[in-house]
Amino acid sequence: MLRGEKDLLRRIRTLDEEALELVFDTYYVPIYRYAYHHLGNVQSAQDVTGEVFRRLLEAVRDGKGPCRHLQAWLYRVAHNLVVDEQRRLRHRNHLPLNTARAVAAEVDPEKEAEDRIAHQRVRTALSYLTPDQRQVIILRFLEGLSIREVSLITGKPPGAVKALQHRALNRLRHHLQAKGEM
Amino acid sequence: MRRDLSSILDHILDQALSRLRAGEPIPQILADHPVEADRLRPLLEAAAQLKSLDAVEMPPVALQEAQRRRFLREAAQLRSRPVSFTLLERLIGWKNPVRRRARAMLVPVIKVLLILGLVAGAAGGTAVAADASVPGDLLYSLDLALEDLQLALIVDPATQVDLQIRRLDERMEEIAQLIERGEEVDGATVARLHHHLTVCLDLIAELDAPEVTQKIERLQATVQAQMQLLSLLEKEIGNEASRQALEQAVQLMEEVQTMLEEGLEDPATFRPHLPLPVVPPIGTPVLPTLEPSVVPTIPSVVPPIEIPVLPTLEPPPPLPTPPATPPTPIIVIPQPPRTPPVPTPGSTPEPPPVPTMPTVFPTPPGGWTHPPTPTCFPSP
């Protein structure tokens, strides 16, 4: 959460260049990661991220945009775009989540192979969750957001977010056990 | 209770997950929650598996920079855009004049209009329900009130006649429904029939010559149909009170039928006999009475209400009668001054004192005297 968010929002509404630079530099990577975790595709995640910031400018131009919580607004727009992109990819018979993964040059190939398999199993288990459960898990564990932040993004009460988190982990455990990962 | 326990476990799990994400090992976390350890362990282990997804393939830095430059360039274009709208925007503005913000302001107005519409719809539904009610129903008074309102809004006498004829049909329909339900048809229902017929005749008398014949024919057709219906309904009646009410209605219809036939034979004489229309209050269940000068007088079939007015007199002087005789109450009708009878022993006992009330008739000189015999009425 940025300091002086209220002041920042006011400056964004005036299209202040410094404020917009700050927003982009602060949120580009988190939004990209969020899109990537959902889509598993660099190009799609990059397109979604670029579109999120373009929508921010459009909203400011139309006198709309975030009123109080910039971060929650950006994640909500990203989530809507992710859902649209997933639908589009499904129609094109693309796999919703691919196995693309960053590879460091100095990593041991054998360990890298094991990691890749584990990565794929967890990602597959993640795909068995409901959209709400998956969103909470990604925001909470992969993006490291607090319950309150997740609550603001999803529009659900904190108690409901905790309950979703609990059910999601139960389901994840069930699928990982079924695959012999645990 | 179960919901509370579940909420507590959700909370404990959330705390444990925060510590796991902060890097604490699972055994250390579980040691702080020995009671819930068995339930927390598999969940924390599943959460730990998610760490394998932490690594994200980022796009090339050059692409990130390109996206950043594009974002800032678009912002700069927005900043430098002219204040006035372009031609295309003006056209779109004309096509869609209500901007989104204006639409948002209209939302409360639309809500109020919707609520008013719902209320009006409910009122209309109530009115429809009231229209289908019969005497004895809760909404029947509302039905009568609405009819009065409708009549009050009409100025044209010919239209009023039509409406009164329609009311006649409605009253007859109500009688039929009451009989079908096995409910009693009371005198008030017949009185309403009488009222509509009376008003109808008064209104017809007010019309011009050509319209008089036309309206008489229409009323005659209605009355004939109603008489047929009444004759059918009489066979279905099991209630004595309803039978009497229907007999009154039949009698009323027959009288009106006779008047209408006479009116058709000579409409010119039908009209002048009627006085200026004095329309009684509409919808009142009280049977209206016609002026005695009205020729087509409808005989009042509803039994007249007798109000006993008892003229009371000053207490007469005590008569020399034997006190042993029990007193007999006497109602005395005042008579013209007569010669006081000679009291005879044992003739009239002393009446009890009567409370003083306003005297209806003037007291003759010398006061009132008792009749010679202890009867209620003076002997001829």
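The values are calculated or read from the model by the stated rules, or taken from the named source; none is laboratory data. Remember, it's a predicted structure, so these values are computed and weren't measured experimentally. Neighbour counts are summed over all protein chains in view; Cβ atoms, including those assigned to glycine, are modelled from backbone coordinates with ideal geometry. Side chains included, ligands, DNA and RNA excluded: accessible areas come from the protein's heavy atoms. Shrake-Rupley method; radii C 1.70, N 1.55, O 1.52, S 1.80 Å.
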What average number of partner chain Cβ atoms lie no more than 10 Å from the Cβ of the residues making up A:43-54? 3
If you put +1 on each Lys and Arg Cβ and -1 on each Asp and Glu Cβ, how big is the dipole of the stretch A:108-182 around its Cα centre, in Debye rounded to 20? 480 debye
For chain A, with a Gaussian network of springs between Cα atoms less than 10 Å apart, report the residue from A:82, A:42, A:60 with the top mean-square fluctuation. A:60
What residue among A:51, A:110, A:21 has the largest mean-square fluctuation in a Gaussian network model of chain A, using Cα springs under 10 Å? A:110
Between A:125, A:163, A:109, whose Cα lies farthest towards the positive end of the dipole of the stretch A:108-182 when Lys and Arg beta carbons carry +1 and Asp and Glu beta carbons carry -1, centred on the Cα centre? A:163
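When Lys and Arg each count +1 and Asp and Glu each count -1, what net charge do the other residues less than 10 Å away from residue A:22, Cβ to Cβ, add up to?
Cβ neighbours under 10 Å give a net charge of -4.
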Among B:247-255, B:209-217, what's the highest-first ranking by average C-beta atoms within 10 angstrom per residue? B:247-255, B:209-217
Distance cut-off 17 Å, percentage of C-alpha pairs in the stretch A:108-182 lying past it: 48 percent
Among A:162/B:51; A:64/A:156; A:6/A:64; A:111/B:51; A:6/A:162; A:111/A:162, the pairs whose Cα-Cα distance exceeds 25 Å are A:6/A:162; A:111/A:162
Of the accessible area of the stretch A:108-182, with the probe set at 1.4 angstrom, what percent is carbon plus sulfur? 51 percent
What total accessible surface area, summed over both chains, is buried at the interface between chains A and B, computed with a 1.4 Å probe and given in Å² to the nearest 100? 4100 Å²
Lys, Arg +1 and Asp, Glu -1 on Cβ, resulting dipole of the stretch B:163-270 about Cα centre, debye, nearest 20: 260 debye
Per residue, how much accessible surface does the stretch B:1-79 expose to a 1.4 Å probe? Answer in Å², no decimals. 60 Å²
Contour excess over end-to-end distance, with Cα ends at residue B:156 and residue B:19 and 0.36 nm allotted per residue: 40.5 nm
Exercise: per-residue mean of other protein chain Cβ atoms within 10 Å, A:56-62: 3
Thinking of chain A as a set of Cα atoms, what percent of all their pairs are more than 31 Å apart? 22 percent
At what distance in nm do the modelled label points of residue B:138 and residue B:65 sit from each other, each positioned 7 Å from its Cα along Cα→Cβ? 8.0 nm
Within a 10 angstrom radius of each residue's Cβ in B:68-77, how many Cβ atoms of other chains show up on average? Whole number is fine. 5
